[in-house]
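Chemist: Dropping a structure here in structure tokens format, bear with me for questions.
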Amino acid sequence: MRQQGFVLIELMTVVSIIAILALMSLPSYGHYMERAKISEAFSLTQNVTRMITEYYAYYGKFPLNNQDLVLPAPEALYGHYVKSIQVKNGTIYVTFSDPTLAGILTLRPAILTADLPVYSLIWVCGHAQAPAGTHFMDEDNTTIPYKSLPLLCV
């Protein structure tokens, strides 16, 4: 009888430890899922960033909107979690449709500060700062909380 009681106490202790560990991991798993949803935006905007870079190299200015790049309307560019992809003055605004991730992610081109005949752009997402020797042409309008953004966007 004493042996069975001891085994029951051990089992209850192990179950409670597992429950505590599971409860501690749930919040970080939620942020992981939000970051996974945001990664869809990077795959959907890959061609758009290339098109903006080519447009800037050819014309020496940024496209004003989706039409300048011969892209469909912003609402026609969507994914499972992405509601729309809009181009404004060379900046890409990705709007999310998922209720747990409602907001906008901004992808901005950073251009070289020096007047060089080089038309290279560095793409920066979210709240990230411009690399040294570059500057942004537009403001950051990202409304997604810092904790949900991938590290390269903070």
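A short reminder: the numbers here are calculations on the coordinates, not readings from a lab. Here the structure is a predicted model, which is why all the values come from computation and not from measurement. For neighbour counting, all protein chains shown are included, and Cβ atoms are generated from backbone atoms with ideal geometry for every residue, glycine included.
Chemist: Assign unit charges at the C-beta atoms only (+1 for Lys and Arg, -1 for Asp and Glu), then state the dipole size of the range 5-125 relative to its Cα centre in Debye, rounded to the nearest 20.
Modeler: 200
Chemist: Once the dipole of the chain is set up with Lys and Arg at +1 and Asp and Glu at -1 on Cβ about the Cα centre, which of G79, L26, T45 lies farthest towards its positive end?
Modeler: The one lying farthest along the dipole's positive direction is L26.
Chemist: Can you give the calculated 222 nm mean residue ellipticity of the chain, where each DSSP H run of n ≥ 4 adds -39,500 (n - 2.57) and the sum is split over every residue, rounded to the nearest 500 deg cm²/dmol?
Modeler: Result for the chain: -14000 deg cm²/dmol, rounded to the nearest 500.
Chemist: Express in nm, to one decimal, how much length is gained between I122 and I17 on full extension, taking 0.36 nm for each residue of separation and deducting their alpha carbon distance.
Modeler: Result: 33.1 nm gained on full extension.
Chemist: Further question on the same structure: If you stretched the chain out fully between M24 and L151, how much longer would it get, using 0.36 nm times the residue separation minus the C-alpha to C-alpha distance?
Modeler: Using 0.36 nm per residue and subtracting the Cα-Cα distance, I get 43.6 nm.
Chemist: I would also like to ask the following. State log₁₀ I(q)/I(0) for the range 34-153 at q = 0.23 Å⁻¹ as given by the Debye formula over alpha-carbon point scatterers of equal weight, solvent excluded.
Modeler: Each listed q corresponds, in turn, to -1.37.
Chemist: Order these peptides, 131-141, 20-30, 42-52, 90-100, by their mean beta-carbon neighbour count within 10 angstrom, highest first.
Modeler: 90-100, 42-52, 131-141, 20-30
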